[in-house]
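Heads up: the structure comes next, in C-alpha coordinates.
The values are calculated or read from the model by the stated rules, or taken from the named source; none is laboratory data. What you are looking at is a predicted structure, and each value in this text was computed from that prediction instead of being measured. Note: ideal-geometry Cβ built from the backbone for every residue, glycine included; neighbour counts use all protein chains shown. When the accessible area is computed, the model is the full protein with side chains, heavy atoms only, and any ligands, DNA or RNA have been set aside. Shrake-Rupley method; radii C 1.70, N 1.55, O 1.52, S 1.80 Å.
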Amino acid sequence: MAFVNENYLKLPGSYLFSEIARRVNKFKNENPDADIIRLGIGDVTRPLPPAVVEAMRHAVEEMGRAESFRGYGPEQGYDFLREKIIENDFRPRGIDLALDEVYVSDGAKSDTANFQEVFGTNNILAVSDPVYPVYVDSNVMAERTGMVNAKGQFEKIVYLPCTEENGMKPSLPKTRVDMIYLCFPNNPTGMTLSKAELKQWVDYAREHKSIILFDAAYEGYIRQDDVPHSIFEIEGAREVAVEFRSFSKTAGFTGTRCAYTIVPKEVMLYDSTGKAHSLNNLWLRRQTTKFNGVSYPVQAGAAAVFSEEGKKQVKATIDYYMENAGIIREGIEKAGYKVFGGVNAPYIWLKTPDGMGSWDFFEKLLKAAHVVGTPGAGFGASGEGYFRLTAFGSRENTERAVERIRTRM
Ligand code: PLP
(Lines give C-alpha, C1' and ligand atoms only; values in the text may rest on other atoms or scores of the structure.)
Protein backbone atom coordinates (compact mmCIF):
# COMPACT_ATOMS: atom_id res chain seq x y z
CA MET A 1 0.00 0.00 0.00
CA ALA A 2 1.33 3.43 -0.89
CA PHE A 3 0.73 6.22 1.63
CA VAL A 4 -0.11 9.80 0.88
CA ASN A 5 1.95 12.81 1.97
CA GLU A 6 -0.64 13.88 4.53
CA ASN A 7 0.51 17.48 4.35
CA TYR A 8 -1.31 17.68 1.02
CA LEU A 9 -4.52 16.86 2.87
CA LYS A 10 -4.13 20.03 4.95
CA LEU A 11 -4.33 22.25 1.88
CA PRO A 12 -7.53 24.17 1.22
CA GLY A 13 -9.78 22.00 -0.97
CA SER A 14 -10.58 24.30 -3.84
CA TYR A 15 -7.98 26.48 -5.46
CA LEU A 16 -9.21 30.08 -5.59
CA PHE A 17 -9.28 30.40 -9.36
CA SER A 18 -11.10 27.07 -9.84
CA GLU A 19 -13.81 28.31 -7.50
CA ILE A 20 -14.06 31.56 -9.46
CA ALA A 21 -14.25 29.63 -12.74
CA ARG A 22 -16.96 27.39 -11.30
CA ARG A 23 -19.09 30.36 -10.27
CA VAL A 24 -18.56 32.18 -13.56
CA ASN A 25 -19.48 29.06 -15.56
CA LYS A 26 -22.63 28.59 -13.52
CA PHE A 27 -23.62 32.21 -14.18
CA LYS A 28 -22.84 31.82 -17.88
CA ASN A 29 -24.98 28.70 -18.16
CA GLU A 30 -27.87 30.54 -16.55
CA ASN A 31 -27.24 33.73 -18.58
CA PRO A 32 -25.82 32.62 -21.94
CA ASP A 33 -26.08 36.11 -23.46
CA ALA A 34 -24.20 37.93 -20.69
CA ASP A 35 -21.09 39.68 -22.02
CA ILE A 36 -18.64 38.90 -19.22
CA ILE A 37 -15.47 40.97 -18.73
CA ARG A 38 -12.68 39.25 -16.85
CA LEU A 39 -10.45 41.37 -14.65
CA GLY A 40 -9.74 38.49 -12.30
CA ILE A 41 -6.82 36.17 -13.00
CA GLY A 42 -3.39 37.82 -13.18
CA ASP A 43 -2.55 36.60 -16.68
CA VAL A 44 -1.35 39.00 -19.35
CA THR A 45 -3.08 39.54 -22.71
CA ARG A 46 -0.56 41.47 -24.84
CA PRO A 47 1.51 39.29 -27.22
CA LEU A 48 5.25 38.61 -26.94
CA PRO A 49 7.39 41.57 -28.07
CA PRO A 50 8.45 41.17 -31.76
CA ALA A 51 12.15 41.24 -30.74
CA VAL A 52 11.53 38.18 -28.55
CA VAL A 53 9.64 36.34 -31.27
CA GLU A 54 12.43 37.00 -33.76
CA ALA A 55 15.14 35.78 -31.34
CA MET A 56 13.16 32.65 -30.56
CA ARG A 57 12.58 31.92 -34.25
CA HIS A 58 16.29 32.28 -34.91
CA ALA A 59 17.12 30.02 -31.93
CA VAL A 60 14.72 27.32 -33.13
CA GLU A 61 16.40 27.38 -36.54
CA GLU A 62 19.80 27.01 -34.85
CA MET A 63 18.47 23.97 -33.03
CA GLY A 64 17.40 22.50 -36.37
CA ARG A 65 20.93 22.50 -37.82
CA ALA A 66 23.59 19.99 -36.76
CA GLU A 67 26.34 22.63 -36.55
CA SER A 68 24.42 24.91 -34.19
CA PHE A 69 22.32 22.32 -32.33
CA ARG A 70 22.50 22.45 -28.51
CA GLY A 71 21.60 19.63 -26.12
CA TYR A 72 21.34 20.02 -22.36
CA GLY A 73 22.23 23.53 -21.31
CA PRO A 74 23.64 24.62 -17.94
CA GLU A 75 21.04 24.04 -15.19
CA GLN A 76 21.63 27.59 -13.93
CA GLY A 77 20.99 29.18 -17.31
CA TYR A 78 23.15 30.24 -20.25
CA ASP A 79 25.83 32.83 -19.54
CA PHE A 80 24.56 35.02 -22.39
CA LEU A 81 21.28 35.54 -20.51
CA ARG A 82 22.79 35.79 -17.03
CA GLU A 83 25.23 38.46 -18.22
CA LYS A 84 22.41 40.51 -19.74
CA ILE A 85 20.35 40.23 -16.54
CA ILE A 86 23.21 41.58 -14.43
CA GLU A 87 24.13 44.27 -16.94
CA ASN A 88 20.56 45.57 -17.39
CA ASP A 89 18.56 44.82 -14.26
CA PHE A 90 21.18 45.31 -11.54
CA ARG A 91 24.37 47.16 -12.53
CA PRO A 92 22.53 50.41 -13.44
CA ARG A 93 21.16 50.42 -9.87
CA GLY A 94 24.63 50.04 -8.38
CA ILE A 95 24.22 46.33 -7.61
CA ASP A 96 27.15 44.06 -8.43
CA LEU A 97 26.37 40.40 -8.91
CA ALA A 98 28.53 37.45 -9.92
CA LEU A 99 27.33 35.27 -12.76
CA ASP A 100 26.87 32.30 -10.44
CA GLU A 101 24.53 34.28 -8.21
CA VAL A 102 21.93 34.33 -11.01
CA TYR A 103 19.78 31.22 -11.51
CA VAL A 104 17.58 31.16 -14.61
CA SER A 105 14.42 29.12 -14.21
CA ASP A 106 11.05 28.33 -15.75
CA GLY A 107 9.14 30.63 -13.43
CA ALA A 108 8.96 32.62 -10.24
CA LYS A 109 6.11 30.35 -9.19
CA SER A 110 8.31 27.26 -9.25
CA ASP A 111 11.24 29.09 -7.67
CA THR A 112 9.22 30.64 -4.84
CA ALA A 113 7.59 27.25 -4.24
CA ASN A 114 10.78 25.18 -4.49
CA PHE A 115 13.11 27.42 -2.58
CA GLN A 116 11.87 26.37 0.85
CA GLU A 117 13.22 22.86 0.20
CA VAL A 118 16.74 23.80 1.29
CA PHE A 119 15.49 25.15 4.63
CA GLY A 120 14.96 22.93 7.68
CA THR A 121 11.38 22.04 8.51
CA ASN A 122 11.80 23.62 11.96
CA ASN A 123 12.03 27.18 10.57
CA ILE A 124 9.23 29.58 11.44
CA LEU A 125 7.95 31.46 8.44
CA ALA A 126 6.24 34.80 8.19
CA VAL A 127 4.00 35.88 5.35
CA SER A 128 2.00 39.00 4.78
CA ASP A 129 -1.75 38.51 4.85
CA PRO A 130 -3.22 38.71 2.17
CA VAL A 131 -0.56 36.71 0.35
CA TYR A 132 0.29 35.07 -2.99
CA PRO A 133 -0.85 31.54 -1.96
CA VAL A 134 2.19 29.69 -3.36
CA TYR A 135 4.44 30.70 -0.42
CA VAL A 136 2.06 29.19 2.11
CA ASP A 137 0.98 26.08 0.21
CA SER A 138 4.52 25.02 -0.69
CA ASN A 139 5.49 25.20 2.99
CA VAL A 140 2.39 23.26 4.00
CA MET A 141 3.40 20.47 1.60
CA ALA A 142 6.84 20.43 3.23
CA GLU A 143 5.46 20.00 6.78
CA ARG A 144 6.59 23.38 8.08
CA THR A 145 3.24 24.87 9.08
CA GLY A 146 1.23 22.64 11.43
CA MET A 147 -2.55 22.37 11.24
CA VAL A 148 -5.04 24.80 9.79
CA ASN A 149 -7.60 26.62 11.97
CA ALA A 150 -11.17 27.74 11.25
CA LYS A 151 -9.92 31.00 9.72
CA GLY A 152 -7.87 28.97 7.23
CA GLN A 153 -4.59 29.95 8.93
CA PHE A 154 -1.79 27.52 9.81
CA GLU A 155 -0.71 27.36 13.45
CA LYS A 156 3.04 27.68 12.88
CA ILE A 157 2.93 30.51 10.33
CA VAL A 158 3.29 34.09 11.53
CA TYR A 159 0.76 36.10 9.53
CA LEU A 160 1.45 39.81 9.11
CA PRO A 161 -1.87 41.52 8.40
CA CYS A 162 -1.91 44.20 5.71
CA THR A 163 -5.03 46.28 6.06
CA GLU A 164 -6.32 49.80 5.61
CA GLU A 165 -5.10 50.61 9.16
CA ASN A 166 -1.43 50.01 8.33
CA GLY A 167 -1.64 51.16 4.71
CA MET A 168 -1.27 47.55 3.48
CA LYS A 169 2.29 47.38 4.82
CA PRO A 170 3.27 44.45 7.04
CA SER A 171 4.64 45.27 10.50
CA LEU A 172 7.79 43.58 11.77
CA PRO A 173 6.94 40.30 13.54
CA LYS A 174 6.62 40.41 17.32
CA THR A 175 8.02 36.91 17.73
CA ARG A 176 11.16 35.52 16.09
CA VAL A 177 10.80 34.27 12.53
CA ASP A 178 13.39 32.60 10.31
CA MET A 179 11.99 32.81 6.77
CA ILE A 180 10.22 35.97 5.65
CA TYR A 181 8.31 36.11 2.39
CA LEU A 182 7.95 39.66 1.08
CA CYS A 183 6.41 40.55 -2.29
CA PHE A 184 6.74 44.13 -3.55
CA PRO A 185 5.13 45.52 -5.64
CA ASN A 186 2.56 43.34 -3.98
CA ASN A 187 0.17 40.82 -5.38
CA PRO A 188 -2.69 41.22 -4.50
CA THR A 189 -2.69 44.71 -2.92
CA GLY A 190 -0.59 46.48 -5.57
CA MET A 191 1.23 48.35 -2.79
CA THR A 192 4.98 48.94 -2.38
CA LEU A 193 7.52 49.65 0.37
CA SER A 194 9.85 52.64 0.37
CA LYS A 195 13.60 52.10 0.71
CA ALA A 196 13.44 53.11 4.38
CA GLU A 197 10.62 50.62 5.01
CA LEU A 198 12.42 47.79 3.26
CA LYS A 199 15.58 48.61 5.19
CA GLN A 200 13.75 47.84 8.45
CA TRP A 201 13.18 44.32 7.16
CA VAL A 202 16.79 43.87 6.11
CA ASP A 203 17.92 45.11 9.55
CA TYR A 204 15.50 42.72 11.26
CA ALA A 205 16.80 39.81 9.18
CA ARG A 206 20.44 40.69 9.93
CA GLU A 207 19.74 40.92 13.63
CA HIS A 208 17.87 37.59 13.78
CA LYS A 209 19.84 35.71 11.10
CA SER A 210 16.56 35.31 9.22
CA ILE A 211 16.29 35.13 5.45
CA ILE A 212 14.06 37.31 3.30
CA LEU A 213 12.57 35.64 0.24
CA PHE A 214 11.82 38.73 -1.82
CA ASP A 215 9.45 38.33 -4.74
CA ALA A 216 9.96 41.16 -7.23
CA ALA A 217 7.90 39.67 -10.07
CA TYR A 218 6.22 43.09 -10.58
CA GLU A 219 9.37 45.21 -10.39
CA GLY A 220 8.85 46.38 -14.00
CA TYR A 221 5.70 48.25 -12.96
CA ILE A 222 7.37 50.59 -10.47
CA ARG A 223 6.82 54.23 -11.40
CA GLN A 224 7.70 56.21 -8.28
CA ASP A 225 11.27 57.17 -7.42
CA ASP A 226 11.62 56.11 -3.80
CA VAL A 227 10.41 52.57 -4.44
CA PRO A 228 13.29 50.05 -4.50
CA HIS A 229 13.38 47.85 -7.61
CA SER A 230 15.57 45.27 -5.94
CA ILE A 231 16.10 44.38 -2.30
CA PHE A 232 19.83 44.52 -3.07
CA GLU A 233 19.55 48.31 -3.27
CA ILE A 234 19.34 48.11 0.53
CA GLU A 235 22.61 47.99 2.45
CA GLY A 236 23.26 44.60 4.02
CA ALA A 237 20.66 42.75 1.94
CA ARG A 238 23.32 40.56 0.32
CA GLU A 239 23.75 38.82 3.68
CA VAL A 240 20.08 37.98 4.19
CA ALA A 241 18.03 38.06 1.00
CA VAL A 242 17.16 36.10 -2.09
CA GLU A 243 15.25 37.81 -4.92
CA PHE A 244 12.82 36.29 -7.42
CA ARG A 245 12.20 37.96 -10.78
CA SER A 246 10.16 36.93 -13.80
CA PHE A 247 9.76 37.71 -17.49
CA SER A 248 6.06 36.78 -17.19
CA LYS A 249 4.50 40.12 -16.41
CA THR A 250 7.07 42.29 -18.17
CA ALA A 251 7.58 40.57 -21.51
CA GLY A 252 4.45 38.42 -21.64
CA PHE A 253 6.21 35.14 -20.76
CA THR A 254 3.33 33.64 -18.72
CA GLY A 255 2.92 30.95 -21.38
CA THR A 256 6.55 30.92 -22.55
CA ARG A 257 8.11 30.49 -19.08
CA CYS A 258 11.31 32.16 -17.99
CA ALA A 259 12.33 33.76 -14.71
CA TYR A 260 15.39 34.08 -12.53
CA THR A 261 16.44 34.09 -8.90
CA ILE A 262 19.36 35.93 -7.29
CA VAL A 263 21.14 34.06 -4.51
CA PRO A 264 24.08 36.08 -3.11
CA LYS A 265 27.04 34.09 -1.84
CA GLU A 266 26.98 35.79 1.57
CA VAL A 267 23.60 34.28 2.59
CA MET A 268 24.04 31.44 5.09
CA LEU A 269 21.87 28.72 6.60
CA TYR A 270 22.97 27.08 9.85
CA ASP A 271 23.01 23.43 10.91
CA SER A 272 22.19 22.17 14.41
CA THR A 273 25.81 22.62 15.50
CA GLY A 274 25.71 26.28 14.42
CA LYS A 275 27.92 25.72 11.38
CA ALA A 276 27.14 28.01 8.42
CA HIS A 277 26.31 26.66 4.96
CA SER A 278 26.16 28.73 1.80
CA LEU A 279 22.61 29.08 0.50
CA ASN A 280 24.00 29.58 -2.99
CA ASN A 281 25.76 26.19 -2.81
CA LEU A 282 22.63 24.51 -1.48
CA TRP A 283 20.47 26.00 -4.23
CA LEU A 284 23.03 24.97 -6.85
CA ARG A 285 22.91 21.43 -5.48
CA ARG A 286 19.11 21.46 -5.56
CA GLN A 287 18.85 22.82 -9.09
CA THR A 288 21.50 20.56 -10.58
CA THR A 289 19.70 17.57 -9.08
CA LYS A 290 16.09 18.43 -9.86
CA PHE A 291 16.15 20.85 -12.80
CA ASN A 292 17.60 20.60 -16.29
CA GLY A 293 17.39 24.21 -17.33
CA VAL A 294 15.13 26.36 -19.48
CA SER A 295 15.05 25.59 -23.19
CA TYR A 296 17.55 27.40 -25.41
CA PRO A 297 14.94 29.15 -27.61
CA VAL A 298 13.19 30.52 -24.53
CA GLN A 299 16.42 31.83 -23.00
CA ALA A 300 17.34 33.36 -26.36
CA GLY A 301 13.92 35.07 -26.35
CA ALA A 302 14.44 36.30 -22.78
CA ALA A 303 17.85 37.73 -23.72
CA ALA A 304 16.15 39.72 -26.52
CA VAL A 305 14.09 41.51 -23.85
CA PHE A 306 17.32 43.41 -23.14
CA SER A 307 18.01 44.43 -26.75
CA GLU A 308 17.28 48.06 -27.70
CA GLU A 309 14.07 47.12 -29.54
CA GLY A 310 13.13 44.62 -26.84
CA LYS A 311 13.38 47.26 -24.12
CA LYS A 312 11.20 49.69 -26.09
CA GLN A 313 8.61 47.02 -26.82
CA VAL A 314 8.45 45.82 -23.20
CA LYS A 315 8.12 49.40 -22.01
CA ALA A 316 5.20 49.93 -24.40
CA THR A 317 3.46 46.81 -23.05
CA ILE A 318 3.92 47.83 -19.42
CA ASP A 319 2.79 51.39 -20.20
CA TYR A 320 -0.35 49.96 -21.77
CA TYR A 321 -1.19 47.95 -18.65
CA MET A 322 -0.34 50.86 -16.36
CA GLU A 323 -2.69 53.13 -18.32
CA ASN A 324 -5.36 50.49 -17.71
CA ALA A 325 -4.42 50.54 -14.02
CA GLY A 326 -4.87 54.33 -13.97
CA ILE A 327 -8.27 54.04 -15.70
CA ILE A 328 -9.45 51.47 -13.14
CA ARG A 329 -8.01 53.30 -10.16
CA GLU A 330 -9.44 56.71 -11.07
CA GLY A 331 -12.77 55.38 -12.31
CA ILE A 332 -13.38 53.28 -9.21
CA GLU A 333 -12.28 56.06 -6.89
CA LYS A 334 -14.69 58.46 -8.61
CA ALA A 335 -17.43 55.88 -8.10
CA GLY A 336 -16.81 56.25 -4.36
CA TYR A 337 -14.63 53.22 -3.58
CA LYS A 338 -11.57 53.28 -1.34
CA VAL A 339 -8.73 52.07 -3.56
CA PHE A 340 -5.16 50.81 -3.00
CA GLY A 341 -2.43 49.91 -5.50
CA GLY A 342 -2.50 50.55 -9.23
CA VAL A 343 0.29 53.18 -9.06
CA ASN A 344 3.39 50.93 -9.11
CA ALA A 345 1.61 47.67 -9.89
CA PRO A 346 -0.95 46.18 -12.26
CA TYR A 347 -3.28 45.34 -9.35
CA ILE A 348 -6.03 47.49 -7.88
CA TRP A 349 -7.20 46.49 -4.41
CA LEU A 350 -10.51 48.01 -3.44
CA LYS A 351 -12.37 48.02 -0.17
CA THR A 352 -15.82 46.53 -0.58
CA PRO A 353 -18.59 49.00 0.27
CA ASP A 354 -20.54 48.85 3.56
CA GLY A 355 -18.42 46.02 4.96
CA MET A 356 -19.70 43.60 2.31
CA GLY A 357 -17.94 40.20 2.30
CA SER A 358 -15.56 39.81 -0.62
CA TRP A 359 -17.36 36.76 -2.08
CA ASP A 360 -20.68 38.66 -1.80
CA PHE A 361 -19.10 41.52 -3.71
CA PHE A 362 -17.84 39.01 -6.30
CA GLU A 363 -21.42 37.73 -6.82
CA LYS A 364 -22.87 41.24 -7.01
CA LEU A 365 -20.23 42.39 -9.49
CA LEU A 366 -20.80 39.32 -11.65
CA LYS A 367 -24.59 39.55 -11.60
CA ALA A 368 -25.05 43.32 -11.87
CA ALA A 369 -22.04 44.36 -13.97
CA HIS A 370 -21.00 41.04 -15.58
CA VAL A 371 -17.45 41.77 -14.44
CA VAL A 372 -15.21 39.12 -12.86
CA GLY A 373 -12.63 40.04 -10.22
CA THR A 374 -10.94 38.19 -7.37
CA PRO A 375 -12.32 38.16 -3.82
CA GLY A 376 -9.70 39.34 -1.33
CA ALA A 377 -10.62 36.56 1.09
CA GLY A 378 -9.05 34.11 -1.37
CA PHE A 379 -5.63 35.57 -0.50
CA GLY A 380 -5.98 35.21 3.27
CA ALA A 381 -8.07 36.18 6.27
CA SER A 382 -7.06 39.86 6.13
CA GLY A 383 -8.19 40.02 2.50
CA GLU A 384 -11.80 39.68 3.63
CA GLY A 385 -13.65 42.90 2.80
CA TYR A 386 -11.33 43.65 -0.13
CA PHE A 387 -11.38 42.82 -3.83
CA ARG A 388 -8.72 42.66 -6.56
CA LEU A 389 -9.03 43.93 -10.13
CA THR A 390 -6.21 43.52 -12.62
CA ALA A 391 -4.95 45.86 -15.33
CA PHE A 392 -4.04 43.04 -17.73
CA GLY A 393 -7.22 43.25 -19.86
CA SER A 394 -7.65 45.05 -23.17
CA ARG A 395 -8.16 48.84 -23.08
CA GLU A 396 -11.70 48.48 -24.39
CA ASN A 397 -12.72 45.91 -21.76
CA THR A 398 -11.05 47.89 -19.00
CA GLU A 399 -13.00 51.02 -19.92
CA ARG A 400 -16.26 49.09 -20.28
CA ALA A 401 -15.77 47.34 -16.94
CA VAL A 402 -15.16 50.62 -15.11
CA GLU A 403 -18.21 52.20 -16.73
CA ARG A 404 -20.35 49.25 -15.67
CA ILE A 405 -19.09 49.39 -12.09
CA ARG A 406 -19.88 53.11 -12.02
CA THR A 407 -23.40 52.76 -13.40
CA ARG A 408 -24.62 49.34 -12.28
CA MET A 409 -23.25 48.76 -8.79
N1 PLP B 1 5.06 35.81 -7.91
C2 PLP B 1 3.94 36.53 -7.85
C3 PLP B 1 3.74 37.48 -6.73
C4 PLP B 1 2.94 36.38 -8.82
O5 PLP B 1 1.82 37.10 -8.74
C6 PLP B 1 3.14 35.46 -9.87
C7 PLP B 1 2.14 35.23 -10.90
O8 PLP B 1 1.01 35.64 -10.87
C9 PLP B 1 4.31 34.73 -9.88
C10 PLP B 1 5.25 34.92 -8.89
C11 PLP B 1 4.54 33.70 -10.92
O12 PLP B 1 5.38 34.11 -11.91
P13 PLP B 1 5.85 33.12 -13.05
O14 PLP B 1 4.90 33.27 -14.19
O15 PLP B 1 7.23 33.57 -13.37
O16 PLP B 1 5.83 31.72 -12.52
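I'd like the per residue volume of the convex hull spanned by the Cα atoms of the stretch 246-333, given in cubic angstrom. Could the numbers behind the result be given before it?
Values: hull volume 15.4 nm³, N = 88.
Dividing the Cα hull volume of the stretch 246-333 by its residues yields 175 Å³.
Given a cut-off of under 8 Å on Cα pairs at least six residues apart, what relative contact order in percent is computed for the chain?
Averaging sequence separation for qualifying contacts and normalising by length gives 23 percent for the chain.
Tell me the per residue accessible area of the chain using a 1.4 Å probe; a whole number in Å² is fine.
Averaged over the residues of the chain, the accessible area is 44 Å².
Excluding residue 163 itself, calculate the net charge of residues whose Cβ lies under 13 Å from the Cβ of residue 163, where each Lys or Arg counts +1 and each Asp or Glu counts -1.
Values: positive: 169, 338, 351; negative: 129, 164, 165, 384.
Computed value for this residue: -1.
In terms of the Cα gyration tensor, with a ≥ b ≥ c the square roots of its eigenvalues, is the stretch 1-130 rounded because a/c is under 1.5, prolate because a/b exceeds b/c, or oblate?
oblate
Tally the DSSP beta bridges in the chain and give the antiparallel ones as a percent, rounded to 5.
55
Return the single residue from 259, 335, 150 with maximal mean-square fluctuation; model: Gaussian network over the chain, springs between Cα atoms under 10 Å.
Of 259, 335, 150, the Gaussian network model singles out 150 as fluctuating most.
Calculate what fraction, in whole %, of the accessible area of the chain sits on carbon and sulfur atoms when a 1.4 Å probe is rolled over the protein chains.
Result for the chain: 50 percent of the exposed heavy-atom area is carbon or sulfur.
Considering only Cα-Cα distances, which of the following residue pairs are longer than 30 Å: 169/315; 109/156; 26/156? Mind dumping the intermediate values first?
On the way: 169/315 28 Å; 109/156 22 Å; 26/156 37 Å.
Pairs exceeding 30 Å: 26/156.
Taking the chain as a Gaussian network, where each spring joins two C-alpha atoms under 10 Å apart, which residue of 230, 128, 307 fluctuates the most?
Looking only at 230, 128, 307, the biggest GNM fluctuation is shown by 307.
Based on the alpha-carbon gyration tensor of the stretch 54-307, what equivalent-ellipsoid semi-axes (square roots of 5 times the eigenvalues) come out, in whole Å, largest first?
Computed over the stretch 54-307, the values are 31, 20, 18 Å.
Residue 338 versus residue 61, label points 7 Å from Cα toward the beta carbon: distance in nm?
In this crude label model, residue 338 to residue 61 measures out at 5.8 nm.
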